[in-house]
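Read through the structure below, which is laid out as C-alpha cells, and then see the notes.
The values are calculated or read from the model by the stated rules, or taken from the named source; none is laboratory data. This structure is a prediction, so every number in the text was calculated from the model and none was measured. Every residue, glycine among them, receives a Cβ derived from its backbone with ideal geometry; neighbour counts consider all protein chains shown. Heads up: the accessible areas ignore ligands, DNA and RNA and are worked out on the full protein's heavy atoms, side chains in. Shrake-Rupley method; radii C 1.70, N 1.55, O 1.52, S 1.80 Å.
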Amino acid sequence: MLRPKVPTNPMPTGIVTPPAVIEPTTVVQPPAAPAPVAPAPARPTIQLTPGAVIALVGSGTAVVLVVGAVLVSMLLAVAITGASLAICALVIRSLITADAKRH
C-alpha cells in the first residue's frame with residue numbers, strides 16, 4: 001500500500017574519495033530461475049460492511065456510556081462521603097464545645 005522512498009543525495013557531503021579504477025570483467029549468467037512468486041500480504045485487509053460500521057458505533061457508544069456512568073457514580077460516592085464526614089465533624093465539634101461550656 002505505502003512504500004517508503006529512499007531519499008537520494010545528489011551532492012556528496014563530507015570527505016570525497018576519488019573513484020577506484022574498475023577493469024571490465026566477463027559476466028557469467030547463471031541459469032534462468034523461475035519467476036519469484038509475489039508474497040502473500042502480511043495482514044489480511046479488513047472490509048467493513050455498513051452493518052458492521054453501525055455495530056461498531058453502537059458498541060462504542062455503549063462502552064462510553066457505561067464507563068461514564070461508572071465514573072460519575074464513583075464521583076458521587078466520594079462527594080457524598082465527604083459531605084457526610086463534614087457533617088459528622090461539625091456535630092462532634094459542637095458536642096465538644098457544648099460539653100466544654102458546661103464545666
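Sub-7 Å Cβ pairs linking a first residue in the stretch 1-19 that is in a loop (DSSP other than H, G, I, E, B) to a second residue that is at pLDDT 75 or above, at least 6 apart or interchain, number zero. For beta carbons closer than 8 Å, sequence separation of 6+ or different chains, a first residue in the stretch 43-71 that is within 30 Å of Leu2 (Cβ to Cβ) and hydrophobic (A, V, I, L, M, F, W, C) and a second that is part of a loop (DSSP other than H, G, I, E, B) and open to solvent by 60 Å² or more (accessible area, probe 1.4 Å), the qualifying pairs are Leu56/Leu48. Taken together, the residues in the stretch 43-67 that are surrounded by 10 or more Cβ atoms within 10 Å (Cβ to Cβ) and within 20 Å of the chain's Cα centre (by Cα) amount to 8.
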